[in-house]
Structures are given as structure tokens and as C-alpha cells.
Amino acid sequence: MGKLMLLVLSLWVLAATSCGKKDNLAELINKQIDSLSHNMTLSANPLQLLRLKTNISDFTLKYPDDKQNAKYLFELARIHQSRGEYTEALTALDKLLKDYADSKEAGMSVFMQGFIYANLTMDLAKAKEKYELYLRKYAHENEKMAHDVKLELENLGKTPDEIFKEIQAKMDSAK
């Protein structure tokens with residue numbers, strides 16, 4: 001009976017300690033995201049970003065079923081995008097969509113991929129693929145975003161000047 005009580009007590013302590021570690025790591029990641037989000041420029045501390053990436057990687061490996069993982073990966077992608085690190089941003093979004101496809105961040109992640117491909121890396125074929133995926137799978141989540149995605153598709157590869165001329169022509173023909 002004593003051994004059973006000792007086993008139960010040991011398991012309880014282990015569970016309590018694990019929860020504490022998880023909560024502490026989650027709190028640390030949230031603070032790091034907040035800190036980097038306030039300074040989303042190229043001058044942000046690269047060591048701070050490396051620590052955040054390491055902590056998110058550790059968290060997603062140790063707690064793969066945690067709901068916060070999608071949020072963490074999305075925020076990491078956002079930070080990378082703001083720093084001009086598009087490959088890293090796309091990698092984080094790919095991981096989010098692969099591992100957390102049913103998360104509330106999934107639709108916005110597909111849109112963000114389309115935006116990066118269309119406007120930052122100029123990979124129009126990939127942009128079209130992502131925007132069409134958004135419309136097929138996530139358009140029902142946000143009508144305004146779906147409208148914006150349709151506009152992005154219509155204007156894919158056009159310069160701002162070309163878009164302006166088309167708008168002007170439509171306005172002139174409406175008169």
C-alpha cells in the first residue's frame with residue numbers, strides 16, 4: 001500500500017511539475033512575442049528572435065497538441081515577414097498548416113502565404129495557388145477577406161499603375 005501511495009504521489013508531482021514547466025515556457029514565449037512585436041524592424045535583436053524560435057520549437061515538440069502552437073507559429077511567421085525573412089515566414093506557416101490545419105489561424109495563414117508569394121517574393125504561381133486554396137477552404141470564415149483575396153487574384157502580377165488605369169477606365173465607362 002505504501003508503494004502505491006508513493007507511486008501516486010510521484011506521478012502527481014511529475015504532472016504538477018510538467019504543467020508548471022509548460023506554463024512557464026508558454027509565458028516566456030508570450031513575453032518574447034510581445035517584445036519582438038513592439039520592435040518588428042530589421043534592428044530587432046537577432047538573439048532575441050533566435051531564443052523565441054528555439055522556445056516555440058521546444059514547446060511544439062513537447063506539447064504538440066496544445067492549442068497555443070498555431071498562434072505561436074503564426075506570430076513567428078509575422079515577425080519573420082516584417083524582418084524580410086520570407087523563407088522563414090513561409091516555413092513557419094507551412095508547419096502551422098501541416099500540424100494545426102483545423103486551428104483558427106489556418107485561414108489567415110493561407111492568406112498570408114498568398115500575400116508573401118504575390119507581393120514579396122513575386123512567385124505568382126504559388127500566390128495564385130494559395131489564394132485559390134483560401135477561397136475554396138476558408139472564404140466562409142471572413143467575407144471581407146474573401147473579397148480581398150478575389151481582388152488579389154484579379155490583380156495578380158499587375159503594377160499599381162496598371163491597376164489604377166483599369167479603375168480609371170471603369171470609372172470613365174460608367175459615366
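A few comments on the model shown:
- Note on K126 and K21: the model spin-label points, each 7 Å out from Cα along the C-beta direction, lie 3.6 nm apart.
- Protection proxy ranking, peptides 87-93, 159-165, average beta carbon neighbours within 10 Å, highest first: 87-93, 159-165
- Taking 0.36 nm per residue of sequence separation and removing the Cα-Cα distance, the L151/K31 pair yields an extension gain of 39.6 nm.
- Shape category assigned to the stretch 83-157 from the gyration tensor of Cα positions, a/c cut at 1.5: oblate
- In straight-distance terms, cross-link reach from K170 covers every one of the aspartates and glutamates whose alpha-carbon lies under 17 Å from its own, apart from those fewer than eight places away in the same chain; here that gives E154, D161, E162.
- Protection proxy ranking of 48-58, 70-80 - average other beta-carbon atoms within 10 Å, highest first: 70-80, 48-58
- Ranking of K21, K144, K175 by count of other Cβ atoms within 10 Å, fewest first: K175, K144, K21
- Ascending count of other beta-carbon atoms within 10 Å, so fewest first, for K126, K67, K137: K67, K137, K126
Values quoted throughout were computed directly from the atomic coordinates according to the rules given, and no laboratory measurement underlies them. All values reported here derive from a predicted model rather than from experimental measurement. Don't worry about glycine lacking a Cβ; one is built from the backbone with ideal geometry, like all the others, and counts go over all protein chains shown.
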